[in-house]
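Okay, structure first, notes after.
Quick note: the coordinates plus some simple rules give every number you see, no bench work behind them. None of the values given here were measured: they were computed from a predicted structure. All Cβ positions, glycine included, derive from the backbone under ideal geometry; neighbour counts span all protein chains shown.
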Amino acid sequence: MRTAADDDASAEFHAFFERHYAELARLAHLLTGEPDAADDLAADALLALWHRWDRVRAADHPVAYARGVVANLARTRVRTAVRERRRVALFWSLRAERAENPDVAGVVDVREALRRLPFRKRACVVLRHAFDLSEKDTALALGVSVGTVKSQTSKGVAELQRLLGTRSAPPAPRQVRAAIARSGEATGGAR
């Protein structure tokens, strides 16, 4: 059941929204440099303010509080974008190399075996061996711990050995790593 106090709070918030939304959106745009995200950030900030409206309207400077919320949301958005750009840059930082006379049948076999691995194992194996990234760089690219990279790479290589092995003897880990690297080189890098 709505009370007169609830109606007053709602009307007061609506007036605050009308008066300051454009300013908050402009602030978000200037902080992020993204005009499309500015409206979303301002709306998210105002939603957060609405949830705490009793506390906000009692503050000495509600607009300053609102600006702080927008700044925090913008900071989070920028940090997320920077992390994502770093991950993408890791994938494209290595220059494409072509192999002379690639073992096409071997490349096809390795690719088929890689497709059968679960994504995380496949990603760890490819980044570690085809792209020759360190465990730390692989962990950063995938957003996982170094320990996860170590275990998933080890398990992935073992599974590839099993999948690529013949009935007499499976290939050694060194041979599997070389085949993975050749698989990436034969087509100018991972695709």
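Cross-link candidates for Lys121: which aspartates and glutamates have Cα within less than 18 Å, leaving aside residues fewer than 8 places away along the same chain?
Filter leaves Asp109, Glu112, Asp132, Glu135, Asp137, Glu159.
Peptides 117-128, 141-152: what's the order by average Cβ count within 10 Å, highest mean first?
Details: 117-128: 19.8, 141-152: 16.0.
So the order, starting with the most tightly packed, is 117-128, 141-152.
Report the full-extension gain for the segment Thr148 to Arg26: residue separation times 0.36 nm, less the Cα-Cα distance, to one decimal in nm. All intermediate terms of the calculation are to be shown ahead of the outcome.
Working: separation 122, 0.36 × 122 = 43.92 nm, distance 4.20 nm.
Roughly 39.7 nm would be gained on extension.
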